[in-house]
Each structure stands twice: as C-alpha cells, then as structure tokens.
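Before any comments, here is the structure.
The values are calculated or read from the model by the stated rules, or taken from the named source; none is laboratory data. No experiment lies behind these values; they were computed from the predicted model shown. Here the Cβ positions follow ideal geometry from the backbone for every residue, glycine too, while neighbour counts run over all protein chains shown.
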Amino acid sequence: MARYTGSVCKLCRRERQKLFLKGQKCFTEKCPIETKNYPPGEHGLNRRAKVSEYGIQLREKQKIKRIYGLLETQFRNYFNKANKQKGITGENLVKLLESRFDNVIYRLGFAASRKQARQLIRHRHFMINDRLVDIPSYSLSAGDVLKLRDKSKKLDTIHSSLKRVKDSTYSWLTVDKANLLGTFVQVPEREDIPLNANEQLVVELYSK
C-alpha cells in the first residue's frame, strides 16, 4: 500500500500552519512551526512570489488531504463520492472524511494522531459493533459503537492518549473511558467540525 514516509513536520511547514500530524509534539515548543514558520527547502525563507488563484486552491486541497492523511487518488475518490451526493459538495466531502474509522478513533482520543490511529486499526486492536475491523478508511454510520478488543485494553499508548483529552469534546461522539469504548452518534454538521480549511476552494479546483 502506498503511503507518505517523509517528515510530517515538513508538511505543516509547507502549509504554514499546524496540521496536528505528530501527536503531542504539536502542542509543545518542539513543534517546528514555532520556530520555522516558513516552507521547507533551500529557498523557503525567501519565497515572496505572488500566489495565483490556482495556487491558493491547490494549497487548500493539499492541506485538507494532509490533515486526514490521504494520498491524491484516495482524496479524489472522496471528492467524486461527495459530488454525487445531495447537498453542498464541499460539506459532503468534509463529512465523509470525518466519518472515516481512523479519524473517529483520533477524535475520540484513543490515538494521539490519525497516523497512530491507522496503525492501531491495522494491528487489529478495535472492533465496530462487536466485529473486528482493520480498515482505517471504513466509513462509520450513526449509532456505530467502537471498542477495544479485550487483549488490547492495557496498551499504554491508548491510555496515555486518553489522559490528554476531555470528555465529550465533540457533540457527535461519546466516549466511555472506563470501558474503553466510544459511539459515533451521528454524522457531524460542517459548522461543528474543527477544520481550519476552505473546502469550497477544493470544489473550485476540481471543477476546472
């Protein structure tokens, strides 16, 4: 399976904002954005070129794609699916991305990052409605219950991650830390999703 293996901190620097790809490091002074808030590369500090309309749209697409940890083909497939649904395409896109299994594990606090969530899922630590699922891109439906397998309930990475999150952080999710399970109550509305991006620019980019 193709995947990005480079430095994720460089991705944040390229977008010139925190994408929260590195877990706890993103909340400390060790985050490169704190000291190097400019694009990586030899000429990153001196880039002053005017950005075109296409360039602005492209950066927004790259930003959303990188936040959710997707490659180009995966992201385009989500856009095509969103475009076929009723409603606003951009909002549909964000809702589809938020419904991904790995994203929900991250939002619930079981993982410090979406990358770590994907790893935990692939290692078969989680179940959905009492059924083992090891596909990070699995799309959740309203009412789905996620829980750890019994043999995985003592994993230090999960407990340390849960300690850093507050209860009921998101209105469309509920988490039971004592029993290590969470519920995907409903697909969230766009205004409730904490995503600092303009998905409409992605629609404009793909509509050219």
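Structure notes:
- Single residue of the range 54-81 satisfying the filter (basic (Lys, Arg) and closer than 18 Å to Ala197 by Cα) that is surrounded by the fewest Cβ atoms within 10 Å (Cβ to Cβ): Arg76
- Being in the same structural domain as Arg59 (by TED's automatic domain parsing) and outside any helix (DSSP H, G or I) holds for only one residue in Lys86, Lys154, Lys81, Lys166, and it is Lys86.
- Top-ranked residue in the range 190-207 [being free of Cβ contacts under 8 Å to residues at least 40 places away in the same chain and part of a loop (DSSP other than H, G, I, E, B); ranked as farthest from Ser99 (Cα to Cα)]: Ser207
- Of all residues in the range 125-151 being charged (D, E, K, R) and part of a strand (DSSP E or B), the one that is farthest from the chain's Cα centre (by Cα): Arg131
- Some residue of the range 82-97 being surrounded by 14 or more Cβ atoms within 10 Å (Cβ to Cβ) and more than 28 Å from Arg190 (Cβ to Cβ): no
- Selection within the range 71-117 - touching a residue at least 24 places away in the same chain (Cβ under 8 Å) and on the phi > 0 side of the Ramachandran plot: Gly109
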